[in-house]
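What follows is one structure encoded as structure tokens, with my remarks underneath.
Please treat every number below as a calculation from the coordinates, not as lab data. It should be emphasised that the depicted structure is a prediction, and the values quoted were computed from it without experimental measurement. All Cβ positions, glycine included, derive from the backbone under ideal geometry; neighbour counts span all protein chains shown.
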Amino acid sequence: SNHLSAGGLALELLALLKNNILSLKTLDLSYNDLEFEGYQFTDVMCGSLRSNSTIIELNLSGNNFQSWMVNSIIEQLQSFEIDSGLSFLRFEQNTPPLSSSQIAGLEVFEERS
């Protein structure tokens, strides 16, 4: 854990993904006690991923994403009309655990990518 939630560093990293500013293929933000209120995190993350073509895997496992946030992320990712490059999105050991419908939604996204 790097405690990237402190000071919004995780949001800044995600914002840098926009327009391929960082040429990362994977980004591991797991186990950083990430828990955000409001739509700022989901909007920044999904907006950046929508325009990024280099990142293949984003690991958000072991954080504290509320169910509505996971739902919002899955819905936004499934609405992408262009191939963002993202093929793997990890939420293992999230608190609370993902529901079966959320797991299915991630699987649909990954199959499509």
If you put +1 on each Lys and Arg Cβ and -1 on each Asp and Glu Cβ, how big is the dipole of the chain around its Cα centre, in Debye rounded to 20? 200 debye
Would you mind calculating the relative contact order of the chain from Cα pairs under 8 angstrom and at least 6 residues apart, reporting the percent as a whole number? 26 percent
Positive-end residue, the chain charge dipole about Cα centroid, Cβ charges, pick of Thr95, Ser48, Trp68: Ser48
